[in-house]
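Trainee: The structure follows.
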Amino acid sequence: MERKVVLGDGVAVGKNPIITSIYTADPAPMVYGDTLYLYTTHDEDVLVNDFYTMYDWYCFSTRDMVNWTNHGAIFSLADISWADDRAWAPQAVERNGKFYLYCPVHKKDGGMAIAVGVSDSPTGPFKDLGHPLVDEGDWNDIDPTVFIDDDGQAYLYFGNPELRYVLLNEDMISYDETVGVVKIPMTVESFGKGSHATGTTYGEGPWFYKRNDLYYMVYAAFGEGKRDEHLAYSTSKSPTGPWVYGGVLMTEEGGVFTNHPGIADFKGHSYLFYHTGELPGGSLFHRSVCVAEFRYNEDGSIDTIAKCNGVTAI
Ligand code: FUB
């Protein structure tokens, strides 16, 4: 499965969207060894009730950013006895040789919650815990992003319309209940002035990581007077804030209603994964994953990244 063109000078270019065999969204890259694994959601061809129709999560991998292997559906609602719908935006991480896939799902008894699948391999199969990891009984429990800091503390951020986090225990399948679910103050200083429910731009789809001692929160955002999501970012000197709004990472122009960031450094290059409606038949419920290469400025800031045709082989 590959979409590439070879230029006159022999350089191979992978074409966006990366995956053309199915509709994919909510890209979540994970670098492990010499391979970049890309976890995605899956928009079904046939919609139920003209809404997001999503039942499973896929994994793809590459060693050169151009040639991709499809590992198929590696986790699905059928594997989670207490869930019945909405296999939404996941993220995976490795710890001590095990792989953890954090996934928002709709519960059989109502509301959204965060499930965890555990596997011995990055390509699954993943096995559900048997119960939700985070379940506050409201609709905010979606779009988990996980990061293990240098001191070993793992953080799971999530949320729409509020950004919240828990401190994961070392087992990665439970969290520190004495601290509980912490709500980040949703201020304009932290997330910019916008049109989402908190009055800020922060919408959903957070992506949390650290680079050169600066913590980044990249997320789908709602600008004032705009309908579709753009991508924006905030930074902090600590993993728990205070967050400082950084600006627009990718505009909404030419996109679909949602967008979703996934960022990875791989073999000396920095990549932003995102989604659009660019495949034939594309729509807000039929999305497709794309990738753009970018560079950080000296001070760690990031200029707005353009949607693009693809990236060159590395
Ligand atoms: O793909 C389903 C939902 O739409 C995700 O969880 C959100 O981030 C948005 O992309």
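The values are calculated or read from the model by the stated rules, or taken from the named source; none is laboratory data. All values derive from a computational prediction rather than experimental measurement. Glycine also receives a Cβ, built like all others from the backbone with ideal geometry; neighbour counts cover every protein chain displayed. Only protein heavy atoms, including side chains, enter the accessible area calculation; ligands, DNA and RNA are left aside. Shrake-Rupley method; radii C 1.70, N 1.55, O 1.52, S 1.80 Å.
Trainee: When you check Ala197 against the structure, is it within 16 Å of the ligand (Cβ to nearest atom), farther than 29 Å from Ala78 by Cα and crowded, with 20+ Cβ neighbours inside 10 Å, yes or no?
Mentor: Values: within 16 Å of the ligand (Cβ to nearest atom): yes; farther than 29 Å from Ala78 by Cα: yes; crowded, with 20+ Cβ neighbours inside 10 Å: no.
Judged against the criteria, Ala197 is not a match.
Trainee: Take region 144-161 and flag every residue that is within 16 Å of the ligand (Cβ to nearest atom), open to solvent by 10 Å² or more (accessible area, probe 1.4 Å) and in contact with a strand residue (DSSP E or B) (Cβ under 6 Å, 6 or more places away or on another chain). Can you show your working first?
Mentor: If we filter region 144-161 for residues that are within 16 Å of the ligand (Cβ to nearest atom), which is where we start, we get 144-146, 156-161.
Next, from what is left, pick out any that are open to solvent by 10 Å² or more (accessible area, probe 1.4 Å): 160-161.
Asn160 - this is the single residue of region 144-161 that is within 16 Å of the ligand (Cβ to nearest atom), open to solvent by 10 Å² or more (accessible area, probe 1.4 Å) and in contact with a strand residue (DSSP E or B) (Cβ under 6 Å, 6 or more places away or on another chain).
Trainee: Could you go through region 48-55 and let me know if any residue there is on the phi < 0 side of the Ramachandran plot and open to solvent by less than 30 Å² (accessible area, probe 1.4 Å). Talk me through it step by step, then tell me what you get.
Mentor: First pass over region 48-55, keeping only residues on the phi < 0 side of the Ramachandran plot: 48, 51-55.
Filter once more, keeping what is open to solvent by less than 30 Å² (accessible area, probe 1.4 Å): 53-54.
Yes - at least one qualifying residue is present in region 48-55.
Every residue, every condition in (1) more than 17 Å from the chain's Cα centre (by Cα); (2) more than 27 Å from Ile314 (Cα to Cα), yes or no:
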| site | (1), (2) |
| --- | --- |
| Val218 | no, no |
| Gly223 | yes, yes |
| Glu229 | no, yes |
| Gly254 | yes, yes |
| His260 | no, no |
| Gly282 | yes, yes |
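Trainee: Please go through region 195-218 and give me each residue that is closer than 29 Å to Ala115 by Cβ and in a loop (DSSP other than H, G, I, E, B), ordered by number. Don't jump to the end; show me each part of the working.
Mentor: Initially, region 195-218 is screened for residues closer than 29 Å to Ala115 by Cβ, giving 196-198, 200-211, 215-218.
Once the filter is applied, which keeps residues that are closer than 29 Å to Ala115 by Cβ and in a loop (DSSP other than H, G, I, E, B), region 195-218 yields His196, Ala197, Thr198, Thr201.
Trainee: Then there's this: Working only within region 221-239, note down all residues that are in contact with a strand residue (DSSP E or B) (Cβ under 8 Å, 6 or more places away or on another chain), in a loop (DSSP other than H, G, I, E, B) and without any contact (Cβ under 8 Å) to a residue 40 or more places away in the chain.
Mentor: Pass one, region 221-239, residues in contact with a strand residue (DSSP E or B) (Cβ under 8 Å, 6 or more places away or on another chain): 221-224, 229-239.
Pick out the ones that are also in a loop (DSSP other than H, G, I, E, B) and you get 222-224, 229, 237-239.
Answer for region 221-239, where residues must be in contact with a strand residue (DSSP E or B) (Cβ under 8 Å, 6 or more places away or on another chain), in a loop (DSSP other than H, G, I, E, B) and without any contact (Cβ under 8 Å) to a residue 40 or more places away in the chain: Phe222, Gly223, Glu224, Glu229, Lys237, Ser238.
Trainee: Answer yes if at least one residue in region 147-159 is farther than 15 Å from Pro242 by Cα, out of contact with any Leu (no Cβ under 8 Å at 6 or more places or on another chain) and among the polar types (S, T, N, Q), and no otherwise.
Mentor: Checked region 147-159: no residue is farther than 15 Å from Pro242 by Cα, out of contact with any Leu (no Cβ under 8 Å at 6 or more places or on another chain) and among the polar types (S, T, N, Q).
Trainee: Right, next: Of all residues being among the acidic types (Asp, Glu) and not in a strand (DSSP E or B) in region 240-266, which is farthest from Ala220 (Cα to Cα)? Just the residue, please. Quick ask: steps written out before the conclusion?
Mentor: From region 240-266, those among the acidic types (Asp, Glu) are 252-253, 265; that's our starting set.
Within this subset, residues satisfying the condition of being not in a strand (DSSP E or B) are 252-253.
On the way: Glu252: 10, Glu253: 14 Å.
Here the residue is Glu253.
Trainee: Let me confirm something: among Gly262, Gly255, Gly268, which residue is of a type in the set (Gly, Ala, Ser), at positive phi and in contact (Cβ under 8 Å) with a residue 12 or more places away in the chain? Quick ask: steps written out before the conclusion?
Mentor: Working: Gly262 fails: at positive phi; Gly255 fails: at positive phi.
Within the list Gly262, Gly255, Gly268, the selection yields Gly268.
Trainee: Sticking with this one: Given the structure, is Thr187 among the hydroxyl-bearing types (Ser, Thr, Tyr), without any contact (Cβ under 8 Å) to a residue 12 or more places away in the chain and either away from the ligand (no atom under 16 Å from the Cβ) or surrounded by 20 or more Cβ atoms within 10 Å (Cβ to Cβ) (or both)? I'd like the intermediate steps shown before the answer.
Mentor: Details: among the hydroxyl-bearing types (Ser, Thr, Tyr): yes; without any contact (Cβ under 8 Å) to a residue 12 or more places away in the chain: no; either away from the ligand (no atom under 16 Å from the Cβ) or surrounded by 20 or more Cβ atoms within 10 Å (Cβ to Cβ) (or both): yes.
No; evaluated as a whole, the condition is false for this residue.
Trainee: Here is a list: Met172, Met217. Which entry is more than 15 Å from the ligand (Cβ to nearest atom) and either open to solvent by less than 30 Å² (accessible area, probe 1.4 Å) or in contact (Cβ under 8 Å) with a residue 24 or more places away in the chain (or both)?
Mentor: Criteria check complete, one pass: Met172.
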